Amino acid sequence: MSTTFSQALAAEALKFRHGTPVRLAVLMALPMPLLGAMPYQGYQSFSAWNYWYTLFLPVTAALVVACVAQADARLRMRGVLGAGAPLGCAWRAKVLWCCALLALANLIVCGIYLACSAFTVQGITLASTLTMLATAVVNTVTVAWMIPAGLFLTVRFGMLAGIFIPLALQIVGAFAWSVIPLPQLFPPSAATVIPTSFIPVLPSGEPLSADTALGEALAANGALTIAGLVVCVIAAFALTAATAAWFAHSEER
């Protein structure tokens, strides 16, 4: 990581460390796990985690990204332009900072579930800990495409566009996974389907036991899961590169 990029990232973190985006990332992560993570009769249900990454996480991503972009837009990008870093570099730092906030939200959900797993029959194990951490990483990766898309739409068309267009695409894609031939390869659908490979909950939010055939079919193809994650990473990087180039060009004119 270059010194310039590190400085730009540090500037983003300093600018928003006590601001609305951080508070949103923390507060939005609390309701679902607090309502659903506590074991019942010694066993833990992961349905509430499904509601988190299907509904609450996309909303969190849309709001966090729009708030970060809107804060600079209100200042006519003076903070970004005065930082001294190349504009494309500053844009990429902004994307990474938003991604870090989404990772924080997912780790909070993971942490609550992990703490509550101490009260299960099985208790906290290394395998369950790694599985929950993997789920948090997967949840971050599969919605990462919303970050550069939301930043671009907010800066170019306003806050409403930055919130509702990526959010609508993500939620529609999440619920349309069953009509897509390979949902793991379409990021909005991958966000709902791929976690089935890690935690025992169906894309519908029901426990895996409600339809073991479907759950096992979705989780069985590890290569497809890996390919889906690669597609999500490529989509996020491609959108970041394209929007960074647009931002640098538009602000230099």
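The values are calculated or read from the model by the stated rules, or taken from the named source; none is laboratory data. Since the structure is predicted, the reported quantities are computational estimates derived from the model, not experimental observations. Using ideal geometry, Cβ is built from the backbone for each residue, glycine included, and neighbour counts are taken over all protein chains shown.
Which pairs turn up if I take residues in segment 31-60 that are farther than 15 Å from residue 122 by Cα and look for partners that are of a type in the set (D, E, K, R) and at pLDDT below 95 with beta carbon separation below 9 Å, at least 6 apart in sequence or on another chain?
Close Cβ pairs satisfying both conditions: 47/206; 50/206.
May I ask you to list the residues in segment 15-53 that are of a type outside the set (Lys, Arg), loosely packed, with under 13 Cβ neighbours inside 10 Å and modelled with pLDDT under 90?
Those that are of a type outside the set (Lys, Arg), loosely packed, with under 13 Cβ neighbours inside 10 Å and modelled with pLDDT under 90: 18, 19, 40, 41, 42, 43.
Being of a type in the set (D, E, K, R), over 16 Å from residue 144 (Cβ atoms) and modelled with pLDDT under 95 is the requirement here; does residue 76 meet it?
Against the criterion (of a type in the set (D, E, K, R), over 16 Å from residue 144 (Cβ atoms) and modelled with pLDDT under 95), residue 76 qualifies.
For segment 150-197, enumerate the residues that are among the aliphatic types (A, V, I, L, M), free of Cβ contacts under 8 Å to residues at least 40 places away in the same chain and not in a helix (DSSP H, G or I).
Result: 176, 180.
Residues of segment 162-183 being more than 21 Å from residue 202 (Cα to Cα) and aromatic (Phe, Trp, Tyr), which ones?
164
Look through segment 198-211, keep the residues that are touching a strand residue (DSSP E or B) at 6+ places or on another chain (Cβ under 7 Å) and not in a helix (DSSP H, G or I), and return whichever of them is surrounded by the most Cβ atoms within 10 Å (Cβ to Cβ).
Here the residue is 201.
So which of 83, 105, 90 ends up being at pLDDT below 95 and either in a helix (DSSP H, G or I) or buried (at least 21 other Cβ atoms within 10 Å of the Cβ) (or both)?
When all the criteria are applied, what remains is 90.
Tell me, which residue of segment 150-189 that is more than 30 Å from residue 214 (Cα to Cα) and in contact with a Leu (Cβ under 6 Å, 6 or more places away or on another chain) is surrounded by the most Cβ atoms within 10 Å (Cβ to Cβ)?
Applying the filter and picking the extreme gives 162.
Keeping to segment 216-253, report how many residues are under 14 Å from residue 190 (Cα atoms), over 17 Å from the mean Cα position of the chain (by Cα) and small (Gly, Ala, Ser).
Summing the residues that are under 14 Å from residue 190 (Cα atoms), over 17 Å from the mean Cα position of the chain (by Cα) and small (Gly, Ala, Ser) in segment 216-253 gives 4.
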